[in-house]
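**Q** Right, I'll just put the structure down here and ask away after.
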Amino acid sequence: MTDKKKTIVALTGAGVSAESGIRTFRDSDGLWEGYSVDEVATIEAWQWNKEKMLAFYNQRRAQAASVEPNAAHFALKALEDHFRVHIVTQNVDSLHERAGSSHVLHLHGKLSEVKSSVDDSLIYDLGDKPVKLGDKCEKGSQLRPNVVWFGEQVPEIPNAQRIMAQADICLIIGTSLVVYPAAALVYDVPLHAPIFVVDPHKPAEFRFDRDITFIQKRASEGVPELVKHLIENHA
Ligand code: OAD
C-alpha cells in the first residue's frame, strides 16, 4: 500500500517558544536575555571570553529545561496523525521534541548539547547540566555549546533545503526571517505549495508573489486553529 500522506514542513523560530516563557530576540530590542548578540552569540565573543559564554549558555540550558512545550508545539505534533511532518527550527531549545514531534532539524544547534572546539563531529548530550572552563572533549579541547554563532557556517542548511523542497504545504511560525541563511529557506518551498504564516507581525522575507495566508495571531492560538483547518481541508 502506498502512503499518500502529504508532506507538511514547518519552519519555526523564537515566536513558537515565546508562550513557553523563552523570550524572542527581536521583540526584546535585539537583546538575548539582556545581552547583545555581539557579547554572547558570535565566534569572536567565544575567542575573547569563554567563561562568560559558558555561564550564559549554562543559564539558557537550565532555563530551556525548566519550561514546557505550549499548545503550538503540541498542535504540530498532532498533525503527524494526518500528514508527514518535518520541522525545521531555528530554536536551540528542545520543545518540539518534548511535545513529541518525530522529525526536527535544528538549524542553529541545540542547547542540550556541547561539542569539541576542534572537531565538530564530537558532540555530547548534556541534558540540563552545566559545562565549565576546563571540561574537555576526548581530544583534549575545551567543550563549547553546540550552537551556531554569528560568523560560523550553518552546516545543516543543505539538509534543510532538501526538506523545504519536499513540502506540499509550508508553515512559517514565529520567525522574523531576518537572519540568513535560514530566512532564504522560504525560496526552497515549491511554488505549488501553499504557505501559511502564523505570527502577530508580518515577517520580513516575503518579497515574492505567491499563495501566502497570514494568520496574525500568537502561536498558541494560531497554530491549533491552522492545524484544525489543515486536517479538515488538506489531509
Ligand atoms: P526573532 O526574535 O527575530 O523573531 C521572533 C518572531 O516571533 C517575530 O516575528 C515576532 O513577531 C514573533 N512572535 C513573537 N511572539 C510570538 C508568539 N507568541 N507567537 C508567534 N509569533 C510570535 O526570532 P527568530 O526569527 O527565531 O540565531 O530569530 C532567528 C535567529 O536570530 C535565531 O535563531 C538566533 C537569532 O539571533 C542565532 O542565534 C544564530
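The values are calculated or read from the model by the stated rules, or taken from the named source; none is laboratory data. The model shown is predicted, which means the values in this text are computed figures rather than measured ones. Don't worry about glycine lacking a Cβ; one is built from the backbone with ideal geometry, like all the others, and counts go over all protein chains shown.
**Q** Tell me the helices (runs of 4 or more DSSP H) entirely within the stretch 26-95 that contain at least 2 residues that are within 26 Å of ILE231 (Cβ to Cβ). Spell out how you get there, then give the answer.
**A** Values: elements: 37-40, 43-48, 50-66, 71-78.
Those helices (runs of 4 or more DSSP H) span 71-78.
**Q** Let me ask something additional. From PHE196, PHE206, grab the single residue that is touching a helix residue (DSSP H, G or I) at 6+ places or on another chain (Cβ under 7 Å), outside any helix (DSSP H, G or I) and of a type in the set (Phe, Trp, Tyr).
**A** Values: PHE206 fails: touching a helix residue (DSSP H, G or I) at 6+ places or on another chain (Cβ under 7 Å).
Result of the check over PHE196, PHE206: PHE196.
**Q** Looking at (1) modelled with pLDDT of 95 or more; (2) within 16 Å of the ligand (Cβ to nearest atom), which is the only condition VAL179 fails?
**A** For VAL179, the exception is condition (1).
**Q** Which of the following residues is assigned to a loop (DSSP other than H, G, I, E, B) and touching a helix residue (DSSP H, G or I) at 6+ places or on another chain (Cβ under 8 Å): LEU133, LEU171?
**A** Details: LEU171 fails: assigned to a loop (DSSP other than H, G, I, E, B).
The conditions single out LEU133.
**Q** If I filter the stretch 97-105 for residues that are in contact (Cβ under 8 Å) with a residue 12 or more places away in the chain, of a type in the set (A, V, I, L, M), touching a strand residue (DSSP E or B) at 6+ places or on another chain (Cβ under 9 Å) and crowded, with 21+ Cβ neighbours inside 10 Å, do I get at least one hit?
**A** The answer is no; no qualifying residue exists.
**Q** Using the structure shown, decide if GLU156 is acidic (Asp, Glu), within 12 Å of the ligand (Cβ to nearest atom) and touching a residue at least 60 places away in the same chain (Cβ under 8 Å).
**A** Working: acidic (Asp, Glu): yes; within 12 Å of the ligand (Cβ to nearest atom): yes; touching a residue at least 60 places away in the same chain (Cβ under 8 Å): no.
No; evaluated as a whole, the condition is false for this residue.
**Q** Could you tell me whether LEU95 is away from the ligand (no atom under 15 Å from the Cβ) and within 28 Å of ALA204 (Cα to Cα)?
**A** On the way: away from the ligand (no atom under 15 Å from the Cβ): no; within 28 Å of ALA204 (Cα to Cα): yes.
Against the criterion (away from the ligand (no atom under 15 Å from the Cβ) and within 28 Å of ALA204 (Cα to Cα)), LEU95 does not qualify.
**Q** Among (1) within 13 Å of the ligand (Cβ to nearest atom); (2) within 26 Å of LYS132 (Cα to Cα); (3) free of Cβ contacts under 8 Å to residues at least 60 places away in the same chain, there is one condition ASN49 misses while meeting the rest; what is its number?
**A** Unmet condition: (1).
**Q** Out of PHE56, PHE83, report the one residue that is among the aromatic types (Phe, Trp, Tyr) and within 20 Å of ILE195 (Cβ to Cβ). Break it down into steps so the answer makes sense when it comes.
**A** On the way: PHE56 fails: within 20 Å of ILE195 (Cβ to Cβ).
After applying the criteria, what remains is PHE83.
**Q** Given the conditions (1) within 13 Å of the ligand (Cβ to nearest atom); (2) modelled with pLDDT of 95 or more, and given that ASP29 satisfies all but one, which numbered condition is not satisfied?
**A** (2)
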